[in-house]
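In what follows, a single structure is set out as C-alpha cells and then discussed.
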Amino acid sequence: MEPLTIRMDERDNVAIVANDGGLPAGTVFADGLTLVERVPQGHKVALVDLAAGDAVRRYNVVIGRAAKAIPKGSWVHERLLEMPAARSLDGLPIGTVKAPPLPPLEGHSFEGYRNADGSVGTRNILAITETVQCVAGVVEFAVERIKRELLPKYPNVDDVVGLAHGYGCGVAIDAPDAVVPIRTLRNITKNPNFGNEVMVVSLGCEKLQPERLLPPGTFAIVDERNVADVGATAEAALDVVCLQDDAHVGFLSMIQSIMTTAEEHLERLNARRRETVPASALVVGVQCGGSDAFSGVTANPAVGFCTDLLVRAGATVMFSEVTEVRDGIDQLTSRAATPEIADAMIREMAWYDAYLQRGSADRSANTTPGNKKGGLSNIVEKAMGSIVKSGSAPIAGVLSPGESLKDRGIERGLVYAATPASDFICGTLQVAAGMNLHVFTTGRGTPYGLAEVPVIKVATRSDLARRWHDLMDINAGRIADGDATIEDVGWELFRCMLDVASGRRRTWAEQWKLHNALVLFNPAPVT
Ligand code: CA
C-alpha cells in the first residue's frame with residue numbers, strides 16, 4: 001500500500017496515517033509531505049508548521065492547541081495538545097440545521113416476532129427478572145437446568161436468560177436518583193425480545209418488592225392469565241417465585257418452582273412464529289468501545305450512513321454516550337427537530353456535568369490508554385468521531401437514563417438516549433430503552449456481546465478484522481484501504497441487520513455465546 005494519510009476536512013491542519021504498522025521517518029507522500037519522525041497507524045501528522053498556541057483542527061473542529069512549536073511532518077500526539085475548555089451549555093444553536101427531508105426507503109423487511117404491545121422481537125427469549133442480586137446464584141442454577149432439561153422440548157425458543165444485576169438493599173431506594181436503576185430494570189423486563197412473558201424471582205425481604213418493580217398496569221399483556229379476577233394481586237398476575245415463601249423447603253424446592261413457572265412461559269413462547277414485518281420495526285442501539293482514530297473515519301461514518309437508511313425506512317435508531325457527544329453538543333442542538341428536544345438534550349448534558357463534578361471528575365476521565373495508543377489524543381477528538389454514528393437526520397427524541405421509547409411515546413426516528421459511555425452500562429440502558437438490535441464499532445477490539453439482544457460488531461481497521469476474523473461481523477477498514485466506500489459498508493451493515501434480525505444470520509458474539517453482564521447505572525447513594 002502506498003503511504004497514505006486521511007484528512008477529514010479540507011480546513012484541517014492534521015491528518016492521520018492510514019497504513020498498517022504506521023510509517024517511518026523520511027516517508028514521502030504523493031503531495032510531497034515528508035515525515036520528520038515515525039508516526040504510528042491512526043496517529044496524526046502535522047500538515048503545516050504549527051506555532052505554540054496554534055489551533056489544531058480535525059473534523060474542522062479545534063481539538064486542542066499546540067503546546068509548543070510543531071514542525072510540518074511531525075507526529076502530533078496527545079502530549080503536544082492542550083485540550084480546549086468544554087463548550088458552555090448557554091447560547092447553543094437550536095434547530096439551526098434544517099437538513100432536507102430524507103426520501104423514504106421502502107421495500108425492506110425482516111422476519112420478526114410480533115408482540116401484543118405492538119413491538120417486534122428479533123429473538124424469542126425467556127427472561128427471568130430478578131428483583132435483587134441475592135437471588136442471582138439460585139436463578140443461574142435454575143437457568144442451567146432449564147436449558148438442559150426443558151429447552152430442548154421447545155425448539156422455537158432461542159434461549160433462557162436470568163436478568164442478573166448488582167442491585168441490592170444497599171441502594172438508597174427513596175433517593176431521587178434511585179429512579180434510574182429501578183426504571184431500568186422495569187424496562188429491561190419489557191424488552192421486545194422477551195415476548196411480554198414476564199416471570200420474576202424475588203427473595204422476599206428486599207426493598208425493591210416485585211409490585212414496586214412492576215406495578216399493576218405496567219404490562220399491556222393481552223392474555224387471559226392477566227385479565228385475572230378482579231382483586232388478583234399484581235404478584236399473582238406477575239408469576240413471582242419468592243424464595244422465602246414458606247412453601248419452599250430446601251434449595252431444590254425453589255429450583256422446582258422456578259422450573260415449573262418457566263415451563264408455562266416456554267410453552268407460550270414456543271407457539272410463536274416469525275412473521276414478515278417492515279424494516280420500520282427495527283429499534284437499533286448504536287455505540288462504540290475500544291475506539292481509535294479510525295473509528296471516526298471508517299466504522300462510525302458507515303454506521304451513520306446506515307442510521308440514515310434506517311431512519312428513511314421508518315425505523316428507530318438510538319445513539320448515546322454523554323461524554324462522547326458533550327464536546328459536540330452544538331452540533332446536536334442544531335439538529336434538534338424542536339426546541340423542546342434541544343432543551344432536553346441540554347438538560348441531560350447539564351445533569352451529567354453535575355454528576356461528574358460530584359465525583360470530582362471531568363470529561364478528560366474519558367479516553368483510555370488504548371484510545372490514546374490508537375491515536376485519539378483527547379475527548380474532543382474522540383467525540384467528533386463518535387457523533388458521526390448519528391448520521392444526518394434531525395434528532396426526534398431524547399431519553400433520560402433508564403427510560404424506554406414507550407415511556408416517551410417515541411415511535412420512530414433518530415433518538416438521543418442519554419447514557420454513560422461505559423459499554424456495559426450503555427448497552428444495558430439501550431436494552432431498557434427497547435432496542436431489538438445492537439451495533440457496536442471498535443478499533444482496538446473488544447469481544448463485547450449481550451445475551452438479551454444480538455450485537456453486530458464493526459471493525460474500524462482491516463488489521464483488526466483479519467486477526468479477529470471470528471469476532472468481527474463487518475470490516476469497515478476496507479474504507480481506509482480504498483476497497484470500499486462509506487456507502488458500500490453502510491449498505492452491507494443494513495443488509496446484515498435484516499439478516500441478523502430475521503435469525504438467518506447469527507453474529508459472532510451469538511455463535512460463541514459471549515455475554516457481558518447487565519450493569520445498572522446507579523447514581524443514587526449506596527448505604
Ligand atoms: Ca461505549
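Inspect segment 317-331 for any residue being modelled with pLDDT of 95 or more, more than 16 Å from the ligand (Cβ to nearest atom) and in a loop (DSSP other than H, G, I, E, B) and give the result as yes or no. The answer is no, given that none of the residues of segment 317-331 is modelled with pLDDT of 95 or more, more than 16 Å from the ligand (Cβ to nearest atom) and in a loop (DSSP other than H, G, I, E, B).
Let's see how each residue does on (1) within 16 Å of the ligand (Cβ to nearest atom); (2) under 28 Å from G503 (Cα atoms):
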site	(1), (2)
L252	no, no
Q256	no, no
N270	no, yes
R273	no, yes
A281	no, yes
S291	yes, no
G296	yes, no
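Each residue in segment 379-428 was checked for being part of a loop (DSSP other than H, G, I, E, B) and in contact (Cβ under 8 Å) with a residue 24 or more places away in the chain, and 20 pass. For segment 452-459, the condition of being in contact with a Phe, Trp or Tyr (Cβ under 9 Å, 6 or more places away or on another chain), basic (K, R) and within 16 Å of the ligand (Cβ to nearest atom) holds for at least one residue.
Of the listed requirements (1) within 15 Å of the ligand (Cβ to nearest atom); (2) within 18 Å of the chain's Cα centre (by Cα); (3) modelled with pLDDT under 95, G374 misses just one: (2). Are any of the residues in segment 469-480 more than 16 Å from the ligand (Cβ to nearest atom), modelled with pLDDT of 95 or more and part of a strand (DSSP E or B)? Yes, segment 469-480 has at least one match.
Looking across segment 126-145 at every residue that is touching a Leu at 6+ places or on another chain (Cβ under 8 Å) and among the aliphatic types (A, V, I, L, M), the one that is farthest from G168 (Cα to Cα) is identified as L126. Of all the residues in segment 254-312, those that are of a type in the set (D, E, K, R), farther than 18 Å from N196 by Cα and outside the structural domain of L464 (by TED's automatic domain parsing) number 0. With respect to A302, determine if the residue is under 30 Å from Y113 (Cα atoms), surrounded by 24 or more Cβ atoms within 10 Å (Cβ to Cβ) and either without any contact (Cβ under 8 Å) to a residue 40 or more places away in the chain or away from the ligand (no atom under 16 Å from the Cβ) (or both). Taking the combined requirement at face value, the residue satisfies it. Does V286 satisfy the criteria of being at negative phi and either more than 16 Å from the ligand (Cβ to nearest atom) or out of contact with any strand residue (DSSP E or B) (no Cβ under 7 Å at 6 or more places or on another chain) (or both)? Here the answer is no, as V286 does not meet what is asked.
Residues in segment 501-522 that are touching an Asp or Glu at 6+ places or on another chain (Cβ under 8 Å) and among the β-branched types (V, I, T): 1 in all. Residue count for segment 327-351 satisfying the condition of being of a type outside the set (D, E) and more than 18 Å from V97 (Cα to Cα): 4. For segment 400-437, how many residues meet the condition of being within 16 Å of the ligand (Cβ to nearest atom), within 21 Å of A350 (Cβ to Cβ) and of a type outside the set (S, T, Y)? Total meeting the criteria: 9.
When segment 398-416 is filtered for residues that are over 16 Å from the mean Cα position of the chain (by Cα) and crowded, with 20+ Cβ neighbours inside 10 Å, only I410 remains.
The values are calculated or read from the model by the stated rules, or taken from the named source; none is laboratory data. For clarity, every value in this text was computed on a predicted model and none was experimentally measured. No Cβ is skipped: glycine too gets one built from the backbone with ideal geometry, and neighbour counts run over all protein chains shown.
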